[in-house]
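Engineer: Quick one: this structure, given as structure tokens, is what I'll be asking you about.
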Amino acid sequence: MSNPINTTLLIIGGGPGGYVAAIRAGQLGIPTVLVEGDALGGTCLNIGCIPSKALIHVAEQFHALQGYAGDSPLGIRAEAPGIDLARSVAWKDGIVKKLTTGVGALLKKHKVTVVQGWARIVDGKTVDVDPVAKGKAGAPQRIRCEHLLLATGSEPAALPFMPFGGPVISSTEALSPKKLPKSLAIVGAGYIGLELGTVYRKLGVKVDVIEAQDRILPIYDADLVKPVHAALKALGVGLHLQTQVLGLTEDGKGLRVQSGKTEDVLPAQQVLVAVGRKPRSRGFGLSSLMLDMDGLAVRVDDRCRTSMTGVWAIGDLTGEPMLAHRAMAQGECVAEQIAGHTRRFVPAAIPAVCFTDPEVVTAGLSPRQAAEAGIDAIDASFPLAANGRSMTLESTDGFVRVVARRDNHLILGWQAVGGGVSEFAAAFGQSIEMGARLEDVGHTIHAHPTQGEAIQEAALRALGQALHV
Ligand code: FAD
Ligand code: NAD
């Protein structure tokens with residue numbers, strides 16, 4: 001064992017949670033060591049948010065061109081477009097590389113020591129790191145710390161009767177295809193299933209999505225997902241709701257499914273299993289700390305403290321919602337507390353976006369969640385069909401909805417579905433976090449013609465003052 005490193009803060013995991021905590025700690029002058037076994041940037045930058053959005057863009061551009069090769073009302077004509085998949089994947093990898101290199105540079109700038117290797121927890125203040133690659137065998141590096149921050153993220157959940165391997169793939173493999181399959185069956189109509197299902201379908205693959213619940217994206221309300229359901233149908237994606245997966249066929253070329261009493265076989269050169277992710281809390285000695293847990297997730301309080309003094313946890317390891325921006329905000333919160341600031345992690349809203357076509361964005365409470373919380377709330381929607389900018393973008397399916405208290409018009413939540421509405425997440429989050437009332441948004445001048453006018457109009461409609469509907 002080489003000489004131990006002593007530090008104030010030791011972070012395990014260099015994903016959005018861990019690397020943001022490290023940068024903020026560095027800014028605050030806290031001696032910090034970050035241990036990463038794989039690649040800086042974690043799931044999000046390497047095999048999650050960024051590569052998936054890059055491929056969504058490739059597929060969107062390809063699909064739009066194909067539309068122009070037919071009968072385009074815009075008067076554009078294109079010859080039959082083709083795709084060089086290897087080049088698309090290389091372009092996606094280039095973006096990943098730029099971002100992960102940038103993370104490394106930021107850590108260096110803020111004097112964070114990065115140790116490459118897999119961490120094993122010895123106790124709440126001691127970790128051994130097994131070096132990876134570069135010919136370094138054996139010789140673990142011991143690191144001692146005052147504060148240990150756990151940010152080990154999550155991994156894809158497998159179906160026990162159909163483990164990953166061969167034709168059964170997770171999002172990681174689906175994001176780096178060498179060749180497109182003729183047919184792809186996707187288990188789970190959640191975020192990953194629908195974002196990647198749309199990509200593959202737009203690239204010409206036959207796609208079937210199998211969902212156990214009675215609707216796609218069951219975490220959102222039924223009205224919100226209706227336009228997504230209709231668009232997937234129009235795209236030719238097979239949607240099999242309230243359907244169970246039984247397993248691969250004997251020849252491995254099909255997926256056996258059951259709906260009610262009816263059994264069926266769906267063509268499946270590959271099967272993408274996207275039934276959720278599970279916190280990465282096993283295999284590196286975390287259980288020896290005997291922390292309070294919620295299943296596989298580490299339980300934390302409103303300051304991201306675990307049940308052991310000096311041990312903190314953030315991000316996917318702490319369970320739902322497993323979103324990069326939540327992990328980052330928690331990371332900042334922990335670093336600032338270690339620097340002596342008084343901080344709590346109690347966001348008024350954590351926006352969520354599903355990058356389907358059309359996109360879905362939510363922040364705060366839906367009408368139903370407000371009612372369940374016993375709040376007397378009003379809600380109002382504004383259709384994108386009445387928004388000029390949406391018409392010029394050929395993107396009129398969808399709406400913006402606001403939820404507010406009836407008595408004082410405090411905004412409690414926003415939901416939207418439509419082309420490009422992911423960018424509304426900023427306005428939604430800000431209005432809720434800043435305690436805006438309907439009047440604040442309704443009487444703010446929104447630039448014309450923008451899709452954002454639909455946000456203003458929804459607030460005006462809730463006040464009975466909508467101008468364009
Ligand atoms: P991770 O990003 O998982 O990072 C954890 C890191 O810890 C990893 O790099 C891992 O190698 C390292 N590690 C684990 N154990 C050890 C150990 N023992 N020693 C050393 N290192 C270790 N979220 C969004 O908000 N928006 C999106 O659009 C979005 N799209 C996604 C698309 C896909 C396909 C997937 C899979 C996820 C997506 N997510 C998205 C979720 C997002 O990626 C996660 O919420 C986020 O990465 C969580 O950050 P984290 O820091 O908690 O963990
Ligand atoms: P998910 O929780 O979004 O969806 C899983 C879906 O699978 C659900 O609809 C569930 O009902 C269904 N399901 C579960 N078991 C099933 C079974 N046996 N048969 C059929 N259907 C089944 O999970 P995901 O899509 O795997 O994504 C994992 C996590 O990654 C998400 O929760 C999210 O936090 C994160 N993510 C976020 C984004 C984003 O923010 N845009 C994108 C991708 C992933």
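Engineer: Go through P163, L412, S390 and say which Cα lies farthest out towards the positive end of the charge dipole of the chain; charges sit on Cβ, +1 for Lys and Arg, -1 for Asp and Glu.
Structural biologist: In the chain, that residue is P163.
Engineer: Here is a further query. Would you calculate the separation in nanometres between label points at L74 and K233, each defined as 7 Å from the Cα along the Cα-to-beta-carbon direction?
Structural biologist: Inter-label distance under the simple model: 2.6 nm.
Engineer: On to the next question. So who's got an amide H within less than 5 Å of the one on V122, skipping anything under 5 residues away but keeping other chains? H placed 1.01 Å off N, in plane.
Structural biologist: Close amide H contacts, sequence-distant or interchain: V127, D128.
Engineer: Of the peptides 278-289, 97-108, how do they stack up when ordered by the mean number of other Cβ atoms within 10 Å, highest first?
Structural biologist: On the way: 278-289: 17.0, 97-108: 15.4.
Peptide ranking by packing, descending: 278-289, 97-108.
Engineer: Would you kindly derive the ³J(HN,Hα) couplings of the range 264-272 from the backbone phi angles with the Karplus curve 6.51 cos²θ - 1.76 cosθ + 1.60 (θ = phi - 60°), listing them in order in whole Hz, with x for Gly and Pro?
Structural biologist: Computed from phi, the couplings for the range 264-272 are 8, 10, 9, x, 7, 5, 9, 10, 9 Hz.
Engineer: Under a 5 Å amide H to amide H cut-off, with H placed in plane at 1.01 Å, what residues pair with L246 once short-range neighbours are removed?
Structural biologist: HN-HN under 5 Å from L246: R256, V257, Q258.
Engineer: Nearest 20 debye, what's the magnitude of the dipole of the range 259-338 about its Cα centre given +1 on Lys and Arg Cβ and -1 on Asp and Glu Cβ? List each step's numbers first, then the result.
Structural biologist: Numbers: 9 positive and 10 negative charges, 40 e Å.
Approximately 200 debye in magnitude.
Engineer: Give me the dipole magnitude in Debye, nearest 20, for the range 168-275 about the Cα centre, with unit charges on the beta carbon: positive for Lys and Arg, negative for Asp and Glu. Display every interim value, and only then the final one.
Structural biologist: Values: 12 positive and 11 negative charges, 87 e Å.
With Lys and Arg at +1 and Asp and Glu at -1, about 420 debye.
Engineer: Can you give the FRET efficiency for T8 and A212, using 1/(1 + (r/R0)^6), R0 = 41 Å, r = Cβ-Cβ distance, to the nearest 0.05? Mind dumping the intermediate values first?
Structural biologist: Values: r = 46 Å, r/R0 = 1.13.
The computed FRET efficiency comes out at 0.35.
Engineer: Using only the Cα atoms of the chain, each taken as one equal point scatterer with no solvent, compute I(q) by the Debye sum, divide by I(0), and report log10 of the ratio at q = 0.06, 0.11, 0.13 Å⁻¹.
Structural biologist: So the normalised log intensities are -0.30, -1.02, -1.31.
Engineer: Moving to a separate point now. At 0.36 nm per residue, and after removing the present C-alpha to C-alpha distance, how many nm does the segment from M293 to Q258 gain when stretched out fully? Please list the in-between numbers first.
Structural biologist: Working: separation 35, 0.36 × 35 = 12.60 nm, distance 3.47 nm.
Computed gain between M293 and Q258 is 9.1 nm.
Engineer: Please identify every one of the trypsin sites (Lys or Arg not before Pro) in the range 1-82 that sits in a loop by DSSP and has no more than 13 other beta carbons within 10 Å of its own beta carbon.
Structural biologist: R77
Engineer: Which whole-number percent gives the relative contact order of the range 168-275, counting Cα pairs below 8 Å spaced six or more residues apart?
Structural biologist: Working: 204 pairs, mean separation 39.3, N = 108.
Relative contact order of the range 168-275: 36 percent.
Engineer: Determine ³J(HN,Hα), in whole Hz, for all residues of the range 296-313 in sequence, where each value follows from phi through the Karplus function 6.51 cos²θ - 1.76 cosθ + 1.60 and θ = phi - 60°; x replaces Gly and Pro.
Structural biologist: 8, 8, 7, 7, 10, 8, 6, 10, 6, 8, 7, 6, 10, 4, x, 10, 10, 8
Engineer: Just tell me which aspartates and glutamates come within less than 16 Å, Cα to Cα, of K226; anything on the same chain fewer than 8 places away is out.
Structural biologist: E195, E211, D214, D357, E359, D397
Engineer: Could you state the accessible area per residue of the range 42-178 in Å², with a 1.4 Å probe and every protein chain left in place?
Structural biologist: 54
Engineer: Still on this model: Which order, highest average first, do 78-89, 114-125, 398-409, 252-263 follow once you tally other Cβ atoms within 10 Å for each residue and take the mean per peptide? Present the calculation step by step, with values, prior to reporting the outcome.
Structural biologist: Details: 78-89: 12.2, 114-125: 17.8, 398-409: 21.2, 252-263: 14.2.
Ranked by mean Cβ neighbours within 10 Å, highest first: 398-409, 114-125, 252-263, 78-89.
Engineer: Next up: Using the structure shown, list the pairs from K92/K179; K125/K278; K206/K261 with a Cα-Cα distance above 18 Å, or answer none.
Structural biologist: In this structure, K125/K278; K206/K261 lie more than 18 Å apart at Cα.
Engineer: Return the FRET efficiency for the residue pair V132, E60: r is the Cβ-Cβ distance, R0 is 25 Å, and the value is rounded to the nearest 0.05.
Structural biologist: Working from the Cβ atoms, E equals 0.10.
Engineer: Per residue, how much accessible area does the range 254-348 show when a 1.4 Å probe rolls over the protein heavy atoms, in square angstrom? The partial results should precede the final answer.
Structural biologist: Numbers: 4640 Å² over 95 residues.
It amounts to 49 Å² per residue over the range 254-348.
Engineer: Could you tell me which of A105, V209, G252 has its Cα farthest along the dipole of the chain towards the positive end, charges placed at Cβ (Lys, Arg +1; Asp, Glu -1), taken about the Cα centre?
Structural biologist: Working it through, the farthest residue towards the positive pole turns out to be A105.
Engineer: Right, another one. How large, in percent, is the carbon and sulfur part of the accessible surface of the chain at a probe radius of 1.4 Å? Spell out each step's value before the answer.
Structural biologist: On the way: 11660 of 21980 Å².
Percent of accessible area from carbon and sulfur atoms in the chain: 53.
Engineer: Mind giving me the nanometre distance, one decimal, between the label points for V265 and K108, set 7 Å out from Cα along Cα→Cβ?
Structural biologist: 5.6
The values are calculated or read from the model by the stated rules, or taken from the named source; none is laboratory data. Just so it is clear, the model here is predicted, and its values are computed rather than measured. Positions of Cβ are backbone-derived with ideal geometry, glycine not excepted, and every protein chain shown enters the neighbour counts. The protein model used for the area step is the full one, side chains on, heavy atoms only, and it has no ligands, DNA or RNA in it. Shrake-Rupley method; radii C 1.70, N 1.55, O 1.52, S 1.80 Å.
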